[in-house]
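The values are calculated or read from the model by the stated rules, or taken from the named source; none is laboratory data. Quantities reported herein were computed from a predicted structural model and do not represent experimental measurements. Quick reminder, even Gly has a Cβ in these numbers, built from the backbone with ideal geometry, and neighbours come from all protein chains shown. To get the accessible areas, we keep the full protein, side chains included, count just its heavy atoms, and leave off ligands, DNA and RNA. Shrake-Rupley method; radii C 1.70, N 1.55, O 1.52, S 1.80 Å.
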Amino acid sequence: MDLVAYVAKAPRLGETVTGREFRTVPGGKGANQAVAAARAGGSVTMIGAVGADEFGVRLRAALSSAGVDTDALRTVEGASGTAQITVDDEGGNSIVVIPGANGRVTGLEAGDEARIAAAGSLLLQLEVPLSAVTAAARAARAHGVRTVLTPAPAQPLPPELLAAVDLLVPNEHEAAALTGLTDVRQAARALLQDVPEVVITLGAAGVLYAARGREPLSVPAPRVRAVDTTAAGDTFAGALAVALGEGRPVPGALAWASAAAALSVQRPGAQDSMPSRPEIDAAATAFAEQDGAGTPSGRDTAS
Ligand code: ADP
């Protein structure tokens, strides 16, 4: 559950500020990506856990109402995972995550492997223990299912997980944390030693796509007025998985997912801000007419 405080300017360490508004909003990277993919037209099953608290009830209901299958979502003793988020007037955010129930998801349970085997793609994040993420990725790999990992919150990734990842989607901070390199192109090149494809998201600067043996591809973000960038990366990842799962070529899939993310940053909230498929289709067409925005180019203008 996201506990969101809206403030003009985020407090520095030791500082107290008076904010404008507080909301509790269903979130979590896994749930956000599940909702993003469902809104984008995907058929989605969520594997994870909520706590036996009021938040758990609301979190499950939020997934169901977005059309996500929650049969594999466990309810465990204790608190649901929470994230305290501060959103400032520039649309920037800072976040403290308490894993709660997510920390109890240590591996796959009965039926999970069959669910993964039946999927077109497996979207993974790091808000459950690495043992579960790795088990899920390996199950997907064993069944020929594409694995897409958002390596957030950033942490070192074990080789056995990386070996089962097809597409890594870090933001620029996560890419730097994983590689020790702040140059985006260099970071992408380093990550390709571990995984065959990488998309580094660069906020308002768009995305950089890199694959082994191919020229890197830059996709500028559509120019929009951001009010809340919470879950922009999750919206991008969910929409990208749907587009790639439908067999769209990579440049078109990146532009379409960028349109989805650009729509989400113009609205407050996490899951509430995620666009529907018709909205993404319309925006992708409109953004393609902005000069250069959303149009993939072989030159890296981002780094
Ligand atoms: P995260 O949400 O993980 O921090 P980013 O900030 O890189 O990730 O945002 C993910 C994607 O969302 C970007 O690659 C871009 O497509 C889109 N996005 C984020 N901020 C903006 C913005 N201000 N304008 C347009 N698109 C944005």
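In the condition set (1) under 26 Å from residue 145 (Cβ atoms); (2) touching a Leu at 6+ places or on another chain (Cβ under 7 Å), residue 44 is compliant with all but (2). Of everything listed in (1) within 16 Å of the ligand (Cβ to nearest atom); (2) crowded, with 22+ Cβ neighbours inside 10 Å; (3) assigned to a loop (DSSP other than H, G, I, E, B), the single unmet condition for residue 126 is (2). Of all residues in region 245-290, those being away from the ligand (no atom under 15 Å from the Cβ) and either within 15 Å of the chain's Cα centre (by Cα) or part of a loop (DSSP other than H, G, I, E, B) (or both) number 7.
Note on region 129-159: residues that are within 17 Å of residue 191 (Cα to Cα), open to solvent by less than 30 Å² (accessible area, probe 1.4 Å) and among the polar types (S, T, N, Q) amount to 2. Condition check for residue 186 on (1) open to solvent by 60 Å² or more (accessible area, probe 1.4 Å); (2) away from the ligand (no atom under 15 Å from the Cβ); (3) assigned to a loop (DSSP other than H, G, I, E, B): one failure, at (3). Within region 223-242, restricting attention to residues that are part of a helix (DSSP H, G or I) and within 9 Å of the ligand (Cβ to nearest atom), the residue that is surrounded by the most Cβ atoms within 10 Å (Cβ to Cβ) is 235.
Would you confirm, using the coordinates I've provided, whether residue 167 is of a type in the set (A, V, I, L, M) and touching a Ser or Thr at 6+ places or on another chain (Cβ under 6 Å)? When the stated conditions are applied, residue 167 does not pass them. Region 63-113 holds no strands (runs of 3 or more DSSP E) entirely within its bounds that carry 3 or more residues that are out of contact with any Gly (no Cβ under 7 Å at 6 or more places or on another chain), polar (S, T, N, Q) and crowded, with 17+ Cβ neighbours inside 10 Å.
Among the residues that make up region 247-254, is at least one of them touching a residue at least 40 places away in the same chain (Cβ under 8 Å) and surrounded by 24 or more Cβ atoms within 10 Å (Cβ to Cβ)? There is at least one residue in region 247-254 that is touching a residue at least 40 places away in the same chain (Cβ under 8 Å) and surrounded by 24 or more Cβ atoms within 10 Å (Cβ to Cβ).
Residues in region 200-222 include at least one that is open to solvent by less than 40 Å² (accessible area, probe 1.4 Å) and either more than 15 Å from the ligand (Cβ to nearest atom) or touching a His at 6+ places or on another chain (Cβ under 8 Å) (or both). Residues in region 244-283 that are in contact with a Gly (Cβ under 7 Å, 6 or more places away or on another chain) and under 18 Å from residue 209 (Cα atoms): 4 in all.
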